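The values are calculated or read from the model by the stated rules, or taken from the named source; none is laboratory data. Just so it is clear, the model here is predicted, and its values are computed rather than measured. Note that each Cβ is placed from the backbone with ideal geometry, even for glycine, and that neighbours are counted across all protein chains shown.
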Amino acid sequence: MKTAITLSQVPEASGGPFVFRTPLPDAFATAAAIGFDAVELFLPGPDFISDHEVKSLAAQHGLAIAAVGTGAGMLRHGLSLTDPSEEIREAALDFVFSMIDFGGQLGAPAILGSMQGKSGSHDHLVAGLRRCANRAATHGVPFIYEPLNRYETNLFNRLADAAKFLELHDLKNVVLLADLFHMNIEERDVATAIREAGRHIGHVHFADSNRQAMGFGHTVAEPVIAALREIQYTGYLSAEIFPLPDPETAARQTISSIRSLF
Ligand SMILES: [Mn+2]
């Protein structure tokens with residue numbers, strides 16, 4: 001398993017679970033200095049920075065790009081893939097495609113989190129996921145679908161239900177994001193849920209029960225790591241956490257918790 005940390009450049013997401021918000025050259029340097037393998041990028045859109053510049057920063061600091069978020073489409077433009085309006089769904093798809101293409105040029109998958117919509121229909125979701133998965137496949141990367149807790153979406157709150165949905169609709173090239181914060185709210189047992197959805201899991205948001213760095217809440221991480229090992233998970237543990245008490249402390253706590261767990 002590899003480590004990653006979230007970097008945000010979206011002013012509207014100032015209250016969100018993103019650790020470093022300084023300009024990217026500084027954020028990349030700090031993430032590398034603290035010992036992360038990769039960064040997860042949360043950007044306002046695909047034109048914020050060129051893929052060429054991101055590649056150069058990544059090479060300079062020896063970091064990979066773990067994934068790119070798409071939530072700015074919701075935060076900044078109010079778009080979702082399951083909006084009742086077809087026009088808005090199409091605009092949402094255009095935005096997600098643009099982020100899939102941006103990430104694809106970096107070899108990184110895009111994530112569907114809040115852009116799935118707060119209260120949408122499964123019919124719209126399956127249509128959107130299929131098109132995004134096909135688009136991602138042209139770049140040779142998967143498309144990541146994230147079940148969220150009940151306060152953020154009515155679509156899928158638990159891994160097992162999302163996994164069944166992918167199988168029922170034969171959705172290829174879609175992987176699931178196991179976000180330990182959402183899972184702490186929704187799953188009966190986090191480790192069991194990971195074991196049962198094992199072959200579908202393609203990304204992990206590594207957060208404690210209160211969305212702070214692992215070790216700053218009440219999650220017992222050992223069984224979670226044991227389950228990830230059992231399913232032979234080799235992807236990222238990406239710290240999508242609040243920068244509390246400050247970004248560096250949160251980042252260092254993540255690395256030290258992972259070191260003590262392995
Ligand atoms: Mn997440």
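Quick notes
- Of the residues making up segment 114-122, one or more are part of a helix (DSSP H, G or I), away from the ligand (no atom under 16 Å from the Cβ) and under 28 Å from R195 (Cβ atoms).
- Selection within segment 153-181 - on the phi < 0 side of the Ramachandran plot and part of a loop (DSSP other than H, G, I, E, B): T153, N154, L155, F156, N157, R158, H169, L171, K172
- Filter result for A64 (surrounded by fewer than 19 Cβ atoms within 10 Å (Cβ to Cβ) and in contact (Cβ under 8 Å) with a residue 24 or more places away in the chain): yes
- Across segment 156-179, the number of residues qualifying as within 14 Å of the ligand (Cβ to nearest atom) and either more than 15 Å from G198 (Cβ to Cβ) or touching a Leu at 6+ places or on another chain (Cβ under 8 Å) (or both) comes to 7.
- Top-ranked residue of segment 88-102 - restricted to ones that are touching a helix residue (DSSP H, G or I) at 6+ places or on another chain (Cβ under 8 Å) and in contact (Cβ under 8 Å) with a residue 40 or more places away in the chain, ranked as farthest from the ligand (Cβ to nearest atom): D101
- Condition check for M115 on (1) aliphatic (A, V, I, L, M); (2) within 18 Å of A136 (Cα to Cα); (3) more than 15 Å from the chain's Cα centre (by Cα): one failure, at (3).
- Of the candidates G235, G215, G202, the single residue that is more than 16 Å from the ligand (Cβ to nearest atom) and small (G, A, S) is G215.
- Among the residues listed as R229, R188, the single one being away from the ligand (no atom under 16 Å from the Cβ), modelled with pLDDT of 95 or more and in a helix (DSSP H, G or I): R229
- Matching residues, segment 219-253, being under 25 Å from A197 (Cα atoms) and either of a type in the set (G, A, S) or in contact with a Phe, Trp or Tyr (Cβ under 7 Å, 6 or more places away or on another chain) (or both): A221, A226, A227, G235, L237, S238, A239
- Annotation for segment 107-122: at least one member residue is over 27 Å from Y151 (Cβ atoms) and either of a type in the set (K, R) or crowded, with 22+ Cβ neighbours inside 10 Å (or both).
- Output for segment 130-155, where each listed residue is more than 15 Å from the chain's Cα centre (by Cα) and either within 13 Å of the ligand (Cβ to nearest atom) or of a type in the set (F, W, Y) (or both): Y151, T153
- Pairs where the first residue, in segment 180-193, is under 11 Å from E152 (Cβ atoms) and the second is not charged (D, E, K, R), C-beta under 6 Å, 6+ apart: F181/A207; H182/L148; H182/N149; I185/N149; E186/N149; E186/N157
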